[in-house]
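Working notes, beginning with the structure itself.
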Amino acid sequence: MTAHGTTDTRPPGLVIRSPRAHRAMNARLRAVEARVAAAGPTNIGFPAARDIDYRPLAPLLGHLLNNLGDPRIDPLYPGHVHDLEREVLDFTAELFRAPSGWSGYLNSGGTEGNLYGMWLGRTKLPNAVAYYSSAAHPVDRTTWQNHRAAGSNGHRQSVSTMRRPLRSCVVMMVRDRDLASLVLPRWGRVVRVDGPLPFVVVDADGSAVEPIEVFLRDFVARGSSQGSVRSYAYALVRWWRFLRVVEVGWERATSAEGRDFVLWMRQARKGAGARKDRSTFEPGSVNPVTRKQRLDDSFKVTTVRHSNAVLHTFYEFWIEQGTGPLVNPMPRDAARGQRPHGHHNPMEPFRAEGRLRYNPKLPRRRVRAMPDEAWEALFAALRSERDRAITALAVSTGARAGELLGIRLADVDWGDQLIRVQRKGTGAEQWLPGSPEAFLWLRLYLEQVGPLRPGDVLWVTLRRRGPGRVRRPLSYDALRAVLRRVNHLSGANWTMHDLRHTCALRMARDPRLSLVDIQRILGHAHLSTTQIYLQADDHEVIDKVSQYLATPPPSAAGAVAHGYAAHDVAVLLGGTSR
């Protein structure tokens, strides 16, 4: 009803305006459209698509739509488009390979993403310094202040002195840590247990650390050996201790913690008791006999790289699960200087590319093979037939120390002079040929130790217990003690693995054996690994070249062709001098 009592036939919601007001409003809207259209071709800085045609949605603008609640559940309110929202979510999840159990919804715009980013920054970097521009969006500034009031102990600083203020949101920066004075606590330990999982990591209370235990179970299920599980467990214990010192949860660690962890390892010391060799020389110095650097208390480059690989694999596992951390503190760099996954096909799975960002470069490898004189001196210093037999087999078969210690009497083929070992890593059985001298010393050792059953361990130690002697399996530490005694007498620092390198280099010098043959004997999966063992000693190369230069050249075979002077031909072809 109108004020005069007549019925109003105009559509509901129509604002009463004069024709002049309608013309002015239309003119103003056309001016705004012209201004926006003119600025469109040169508009940069805001990530938005300009080629979307919204005109098909115009009929829906006259209705009140509200997608209340979970998009997977249709509400009682009829004015919703949850079915369209579900289609968009499914398409996006398939496009980006979302993990199983994903959930999501369509947000209202980029501001909500900014809010989540600032919340994530406060959660991941609670001790960070937040920088924001005084010209930033008021929502961004107010939101960061609200995040601080909600419990963050971060700091904020306004950047208002710039000539052209940033129109961006918050920038998170982490304060530098005093890594030189950082000392890791003696927290947790690696414990051997019975069952499918050979090792677990326990905390100070003796309870298993669940994230590490779940990861190691998956690691074992992939076919990893016990030695790999053990090394991964110790690397994760070290990482956990570091996170406790810097007061960051494992699921909140970022690349800043990964960087600081690598920097700490590069300058830290392992502590007392870490070095087990006995020597009168200074740790870290070069041994004058073997020309190898003596072990010290620092973390080697290979240890740092192994630790980085363990952490990268650990976090990749939990990120794949979708229930743990959101970032990997040991990320990969882009391959060949490109942006990571810059040309990735959304329909294909993501694959690892580039090197780990904080991996230090490997130094030039030193030769570990023994010269013949050094081998003869070491062999002569051994005091028992057992020690001579096991070292002779090591230098002739190229087997690892752990593989030799696992041999049983049934693994010896006396007729063909072969031994059967279980390969490290794969656990595959392989027969290896040994030298006649090694089998001679082996027979002398067995005569000394007495009869053994086929299933008995081949290498034993005799311990006095009362009136008789008791056999104990030879352990790896006991074998290392044998070499330590010999090294102490000669001033060297040879190891059992040096015998493996010596075997590889001896086989490489024989023209009857190919590189593939050596790879097979050493049990390497790739030829590139075998080539590491075939590095010649610089002193041996210098001696060979010196002998070559000191040897007179052979006389040229045949007469010089007619028309050429013999002296000129000799000079041209290098027949008179080198």
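The values are calculated or read from the model by the stated rules, or taken from the named source; none is laboratory data. Quick caveat: nothing in here was measured; it's all calculated off a predicted structure. Please note: Cβ atoms are built from the backbone with ideal geometry, for glycine as well, and neighbour counts cover all protein chains shown. The accessibility values were calculated without ligands, DNA or RNA, using every heavy atom of the protein model including side chains. Shrake-Rupley method; radii C 1.70, N 1.55, O 1.52, S 1.80 Å.
Okay, here's what the table says:
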| item | result |
| --- | --- |
| Residues of region 441-488: accessible area per residue with a 1.4 Å probe, Å² | 64 Å² |
| Efficiency of FRET from Cβ geometry, residue 510 and residue 532, R₀ 22 Å, rounded to 0.05 | 0.70 |
| Percentage relative contact order, region 476-528, counting C-alpha pairs under 8 Å, at least six apart | 19 percent |
| Accessible solvent surface per residue of region 189-244, calculated while the other protein chains remain in place, 1.4 angstrom probe, Å² | 50 Å² |
| Relative contact order (%) - region 383-505, alpha-carbon pairs under 8 angstrom, separation at least six | 32 percent |
| Length gained when the stretch residue 52-residue 524 is fully extended (0.36 nm per residue, less Cα-Cα span) | 164.2 nm |
| Nitroxide proxy distance, nm - points 7 Å out along Cα→Cβ at residue 180 and residue 469 | 5.6 nm |
| Under-5 Å amide H pairs with residue 328, H placed in peptide plane, nonlocal only | none |
| Filtered trypsin sites (Lys or Arg not before Pro), region 215-256: DSSP coil and at most 12 other beta carbons within 10 Å | 222 |
| Rounded percent of accessible protein surface that carbon and sulfur make up, region 361-505, 1.4 Å probe | 51 percent |
